[in-house]
Amino acid sequence: NTTEKKRKDTTKLKLILKLEKKNFNRGLGKHTHHRAAVKMLPTFVTATPDGTEKGDFLALDLGGTNFRVLHIRVNEDEQRVMKSQNCAIPQEMMVGTGEQLFDHIAACLGEFVNSQDLKGQTLPLGFTFSFPCEQKEIDKSILIRWTKGFNCSGVEGEDVVKLLKEAIHRRGDYDIGSVAMVNDTVGTMMSCGYKDQSCEIGMIIGTGTNACYMEELKNVKRVEGMEVKEGENRRMCINTEWGGFGDDGALKDILTEYDEEVDRTSINPGIHTFEKMISGMYLGEIVRLVLVKLTQEKLLFNGETSKALLTPGTFETRFISEIEKEDKGVENTKKILADLGLTSNAVDLHIVRLICDTISSRSARLCAAALATIVNRIRVNRKLDHLKTTVGVDGAVYRKHPNFSEELQDMVRRLAPQCDINFIVSEDGSGKGAAMVTAVLCKKKFKRLNEFNCA
Ligand code: BGC
């Protein structure tokens, strides 16, 4: 019975909400953050845009198998992408040396700067780097660890901005202005914040998953030297790195044998447990493992597996969206299974669709619980009975799945009834947002403005 199931699900998710709240506090704490599974990383972004930012900026967006270089013009009423270029990152390079990776990035950026006739302009650069970094300053950011299939040597523990600058200097044929480094969640929040000033949360559900939000600076105990006077409402954006939730065992009661298998066969076992239950890099593989098990138990495909089905990575996450489509779903399922060398009957098709629905719904609900923790936290921080807020969102899972966004939004409203949440899908968010962070820095009379070369 659906009502009973919904009630049970909500109770389970409320438990996660409680756990996550505890994790957030630990991550922000002065003495506890070193051991925290949810890192709660300070970003040094202390202001969201107010719509008056202007200028020309370069943006670099690295977070997956492609990276993008963009020339962005910000003025009163828009953030316009003047030109952009995608550069592929070959699979070998994702697990090669850091020097190779940064040389490749510097080469693509160089090609872009030259082709755009921007040479000699030393534009400030917003650098979106979508991995967990311990940020020391806006332009100093130490990579804690790689995620999402990257594992380049010599980068963990190093300042990524320095590695980028060194690679540019090795070439010596162009230069850039100051660099502002941001996570993609921060970029997404900032680009939406230009249109809607109540946007103070950024969320990504794509290859990986994560969220950031504006926290009261007085609660960010782990940052020293940023004292807040009594009654002052200063804030700093916190990159939660919620993907790490569960790395201390907090989720063991809800992990399935499929989650354990996905973790065991990943390149970073034991790391980013929550992300592995949610994001695009892993959802397809979870479905594949369920299909294999049910087939071996003779509950699917007449008990006959195929070589493709038994090969890790063959069931792509985008298949889940195709299969769950309301109109063409059955047809798509048939085709996808046939391409995987499987013979299916009508019951098989129905079961496969049910499996996809279960795995994607679980992902949407887990995200909802984590997001509810954030909105409730902002509400309590501000001592409000009711909070109205906006979340900027990006990522293929959220954008492309037929009912993921609806399911997530319904659940978050159920878990955080005192919050009225508006969701905006960000277009080109992480690149534009990095430019916005740079634009805000260039405009504000910040202490370090003299050092920030805004050309
Ligand atoms: C990274 C985050 C990033 C997220 C979404 C995760 O794997 O750790 O920094 O924001 O993916 O791209």
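Values computed for the structure shown
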| quantity | calculated |
| --- | --- |
| Subset of the stretch 231-269 [more than 12 Å from the ligand (Cβ to nearest atom), closer than 17 Å to His33 by Cα and of a type in the set (A, V, I, L, M, F, W, C)] | Met236, Cys237, Ile238, Ala250 |
| Odd one out for Asp385, checked against (1) open to solvent by 10 Å² or more (accessible area, probe 1.4 Å); (2) within 28 Å of Lys18 (Cα to Cα); (3) assigned to a helix (DSSP H, G or I); (4) of a type outside the set (A, V, I, L, M) | (3) |
| Leading residue by the ranking (farthest from Glu216 (Cα to Cα)) among those in the stretch 16-35 that are surrounded by fewer than 15 Cβ atoms within 10 Å (Cβ to Cβ) and out of contact with any helix residue (DSSP H, G or I) (no Cβ under 9 Å at 6 or more places or on another chain) | His34 |
| Test: residue in the stretch 271-278 that is touching an Asp or Glu at 6+ places or on another chain (Cβ under 9 Å), within 16 Å of the ligand (Cβ to nearest atom) and of a type in the set (A, V, I, L, M) | yes |
| Test: Glu285 is away from the ligand (no atom under 14 Å from the Cβ) and open to solvent by 50 Å² or more (accessible area, probe 1.4 Å) | no |
| Criterion: open to solvent by 10 Å² or more (accessible area, probe 1.4 Å) and more than 16 Å from the ligand (Cβ to nearest atom) - qualifying residue of Asp175, Asp184 | Asp175 |
| Residues located in the stretch 388-407, provided they are open to solvent by less than 30 Å² (accessible area, probe 1.4 Å) and either part of a strand (DSSP E or B) or under 20 Å from Gly329 (Cβ atoms) (or both) | Thr389, Thr390, Val391, Gly392, Val393, Asp394, Val397, Tyr398, His401, Phe404 |
| Flag if Asp77 is within 16 Å of the ligand (Cβ to nearest atom) and open to solvent by 20 Å² or more (accessible area, probe 1.4 Å) | no |
| Where a residue in the stretch 113-134 is more than 24 Å from Glu224 (Cα to Cα) and its partner, wherever it lies, is of a type in the set (Lys, Arg) and more than 16 Å from the ligand (Cβ to nearest atom), with Cβ under 6 Å and at least six apart | Val113/Lys119; Gln116/Lys83 |
| Residue among Cys199, Cys152 that alone is in contact (Cβ under 8 Å) with a residue 40 or more places away in the chain and either within 10 Å of the ligand (Cβ to nearest atom) or within 17 Å of the chain's Cα centre (by Cα) (or both) | Cys199 |
| Matching residues in the stretch 1-41 - criterion: being closer than 16 Å to Gly244 by Cβ and either modelled with pLDDT under 80 or in contact with a strand residue (DSSP E or B) (Cβ under 6 Å, 6 or more places away or on another chain) (or both) | Ile16, Leu19, Glu20, Lys21, Met40, Leu41 |
| Which numbered condition Glu232 fails, given (1) without any contact (Cβ under 8 Å) to a residue 24 or more places away in the chain; (2) buried (at least 18 other Cβ atoms within 10 Å of the Cβ) | (2) |
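Per-residue answers, yes or no, for (1) closer than 27 Å to Leu217 by Cβ; (2) open to solvent by 20 Å² or more (accessible area, probe 1.4 Å):
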{"position": "Val38", "(1), (2)": "yes, no"}
{"position": "Leu58", "(1), (2)": "no, no"}
{"position": "Leu62", "(1), (2)": "no, no"}
{"position": "Val69", "(1), (2)": "no, no"}
{"position": "Arg73", "(1), (2)": "no, yes"}
{"position": "Ser84", "(1), (2)": "no, yes"}
{"position": "Gln100", "(1), (2)": "no, yes"}
{"position": "Ala106", "(1), (2)": "no, no"}
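The values are calculated or read from the model by the stated rules, or taken from the named source; none is laboratory data. Keep in mind the model is a prediction, meaning the values are calculated, not measured. Positions of Cβ are backbone-derived with ideal geometry, glycine not excepted, and every protein chain shown enters the neighbour counts. Side chains included, ligands, DNA and RNA excluded: accessible areas come from the protein's heavy atoms. Shrake-Rupley method; radii C 1.70, N 1.55, O 1.52, S 1.80 Å.
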